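The values are calculated or read from the model by the stated rules, or taken from the named source; none is laboratory data. Not measured: the values here are computed from a predicted model. Glycine also receives a Cβ, built like all others from the backbone with ideal geometry; neighbour counts cover every protein chain displayed. Ligands, DNA and RNA are excluded from the accessible area calculation, which covers all protein heavy atoms including side chains. Shrake-Rupley method; radii C 1.70, N 1.55, O 1.52, S 1.80 Å.
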Amino acid sequence: MACWKELPLEIRIMILEKVAEGYSFTSEPYARAGYARVCREWQPFFERQNFQRLVLDQERLSEFELVMNTCQRRDYLKHLFLRIRLDEYDCTVCQSQEDSKTTKKNNNTFTGAVWNLLIILSRWPHSDRSCSYNHCQQELTLELGAYSNSDSKHTFRDFHLEQNYPYQEKSDLHAYWDLYRLRADRLGIGSLHDPYHGWAHGHMDQVSLGSKLRLMGTLACRLNRPRFSTSSQQFPRVDVVKGLLIRRQFYRKIAVSTLGKLLYESFTCLQWLRHEGWYNVDPQQQLRFEKDYMGLISKALPTTLRQLCIFEDFNKTLHPERSTKRANPSLGKAFSKSTRSLDIISAAFIIDAEHFFADFWPTRPLHSNIVPWRNLRKLALTSRLLHPGIGRGKINKLLMAAGRAAAFMPKLEIMEIWNGGEGHACVFRYSTDAGGPQISWSSNWGIDVQLSVDVVSCWANNGRSCGNLTTAVNRLRLKRKQVKTYARAIRYLKMRRNVLHVISDYQVFWEEHNYSK
């Protein structure tokens, strides 16, 4: 029998790949770390996988700095998730909003964790300090989130709030596809009866505003603490971070002021931003958020940014009236004007396509000084106008405005305007991947729906189609009772992965089927 060193290199690599393939974080969380210590030959193979994606909380930052002490390990790292753990709370306060003392403590925890990580990353050597686009050596995605272990133990029993939530990357979706169902069965979610926490015979009933506010606090970095001197009120510059990811997994928001400081002061080489957040349950807080977000979009986006994907989430439990709310027109218009240099844009529910295309409305003359979207290749927007209760005339004006705007998008490959909710799903699409330009309408509502002559003419004569535009109208085979949320509509989007992160998409899928409640 041949010993390890006598085997050809190709065979040894195949064996290592087979060992790595059989690895399971759920059953053997630290086994792969042990593989790297077997011998010097195994070390680089498994370290490349071990260090490719790291998840840590604030208590592991010192260890993280020590472990990542070599250029090789730093080069392996592509995705870093700082999952900040806040203090736990009990049933005496779970039905009430955080008091000022708790808020201050949580902000201090959040501030310390973010600051310490930025200091560590800012010390990492970089080959090109001038940071001209496409010349930076490392490309690191930083993910941020904050939660308390108590968040999933009181009123809200969402699987994705648990500390050991197993779905962190795409490969996990195939390895652990049935854990939502198994967890619901194990915890007896379907028969849970706990009136104090708002549960009645397996269903959430009369959830208190206090419990919602407890879960959906806003975290802000406060640099006016004694540990921060006057000279350190600015975040350190971190060139290695090229992507910033904030997923809808946790309900707590990161304050817009803090996000703005990160974008403006630290992540000056950022190439893409994906920001998934939750609609505020307090109307006044939502108004302040929208006002602040308008300033962020208008003034704080790095000049290196190429992709911007924003998703404002909501559900019936937290926001029973959200589906009827009109998006902020000023925010939509500001978003349109501030994104003219981007390659990819997706904005769901936080703005409306009606306002994004306001300057191109068919009843308005086009200005001569319109700034084009010179680099835009992909665009996805939601609109409340795509609804069976809205008159066809208003819908046609929206589609014509989109066509007029497309004339100022010379590189456009795909545009999707969509909407979904209880009983309805709809997608309007312009694309060039079917051998030529095409516009299509797909919905589960309306009888004998056709794209109007005005809409077709607008798109055919906007300078993009060269007279070769084709049209299509498709009936989505979805009964009204099958459509519970917007999740059904997302499945029909070609820009699905731009609209939602793959893990977020999976969460939405299960939540639509009530497995995670």
- Task: Out of the residues in segment 175-197 that are basic (K, R) and open to solvent by 40 Å² or more (accessible area, probe 1.4 Å), state the one that is nearest to the chain's Cα centre (by Cα).
- Result: R181
- Which listed residue is over 27 Å from G112 (Cα atoms), modelled with pLDDT of 90 or more, out of contact with any strand residue (DSSP E or B) (no Cβ under 8 Å at 6 or more places or on another chain) and of a type in the set (S, T, Y), from S208, S257: S208
- Task: Name every residue in segment 443-492 that is touching a helix residue (DSSP H, G or I) at 6+ places or on another chain (Cβ under 8 Å), hydroxyl-bearing (S, T, Y) and open to solvent by 60 Å² or more (accessible area, probe 1.4 Å), in order of residue number.
- Result: T471
- Note on the structure: Looking across segment 157-190 at residues that are at pLDDT 90 or above and part of a helix (DSSP H, G or I), the single one that is farthest from D57 (Cα to Cα) is F159
- Query: Inside segment 108-124, can you point out the residues that are more than 13 Å from S148 (Cα to Cα) and out of contact with any helix residue (DSSP H, G or I) (no Cβ under 7 Å at 6 or more places or on another chain)?
  - Reply: N108, T111, V114, W115, I119, L121, S122, R123
- Among (1) farther than 28 Å from Y165 by Cα; (2) of a type outside the set (S, T, Y); (3) assigned to a loop (DSSP other than H, G, I, E, B), which single condition is G403 missing? (3)
- Query: Only one of S504, S440, S431 is modelled with pLDDT of 95 or more, under 26 Å from the mean Cα position of the chain (by Cα) and closer than 17 Å to L399 by Cβ; which?
  - Reply: S431
- Neighbours by Cβ (under 6 Å, 6+ apart or cross-chain): first from segment 101-123, closer than 21 Å to C71 by Cβ and in contact (Cβ under 8 Å) with a residue 40 or more places away in the chain; second open to solvent by 10 Å² or more (accessible area, probe 1.4 Å) and part of a helix (DSSP H, G or I): I120/E65
- Message: On the basis of being over 21 Å from I490 (Cβ atoms), at pLDDT below 95 and in a loop (DSSP other than H, G, I, E, B), does R340 make the cut?
- Response: no
- So which residues in segment 436-467 are in a helix (DSSP H, G or I) and charged (D, E, K, R)? D454
- Looking at segment 44-102, which of its residues are out of contact with any strand residue (DSSP E or B) (no Cβ under 9 Å at 6 or more places or on another chain), within 21 Å of N149 (Cβ to Cβ) and outside any helix (DSSP H, G or I)? D90, C91, T92, V93, C94, Q95, S96, Q97, E98, D99
- Message: Take N444 and tell me if it is of a type outside the set (A, V, I, L, M), touching a residue at least 12 places away in the same chain (Cβ under 8 Å) and in contact with a Lys or Arg (Cβ under 8 Å, 6 or more places away or on another chain).
- Response: yes
- Message: Suppose we filter segment 412-428 for residues that are touching a residue at least 40 places away in the same chain (Cβ under 8 Å) and open to solvent by 30 Å² or more (accessible area, probe 1.4 Å); how many remain?
- Response: 1
- Message: Could you go through segment 398-414 and let me know if any residue there is basic (K, R), out of contact with any strand residue (DSSP E or B) (no Cβ under 6 Å at 6 or more places or on another chain) and within 16 Å of G463 (Cα to Cα).
- Response: yes
- Note on the structure: Restricting segment 297-323 to residues that are among the small types (G, A, S) and farther than 27 Å from Q206 by Cα, the one modelled with the lowest pLDDT turns out to be A300
- Item | Condition met for L296 (farther than 19 Å from A220 by Cα, part of a helix (DSSP H, G or I) and hydrophobic (A, V, I, L, M, F, W, C)) | no
- Quick one: would you say I395 is assigned to a loop (DSSP other than H, G, I, E, B), without any contact (Cβ under 8 Å) to a residue 24 or more places away in the chain and under 18 Å from N474 (Cβ atoms)? no
- Query: Among (1) more than 25 Å from the chain's Cα centre (by Cα); (2) open to solvent by 10 Å² or more (accessible area, probe 1.4 Å), which single condition is G403 missing?
  - Reply: (2)
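Per-residue answers, yes or no, for (1) within 20 Å of D75 (Cβ to Cβ); (2) open to solvent by 10 Å² or more (accessible area, probe 1.4 Å); (3) at pLDDT 95 or above:
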site	(1), (2), (3)
N108	no, yes, yes
T111	no, no, yes
N116	no, yes, yes
L121	yes, no, yes
W124	yes, yes, no
H135	yes, yes, no
E139	yes, yes, no
E143	yes, no, yes
- Item | Selection within segment 468-513 - under 20 Å from Q168 (Cα atoms) and either of a type outside the set (A, V, I, L, M, F, W, C) or assigned to a strand (DSSP E or B) (or both) | R496, R497, N498, H501, S504, D505, Y506, Q507, E511, E512
- Within segment 323-365, residues being surrounded by fewer than 19 Cβ atoms within 10 Å (Cβ to Cβ) and under 19 Å from V508 (Cα atoms) number 1
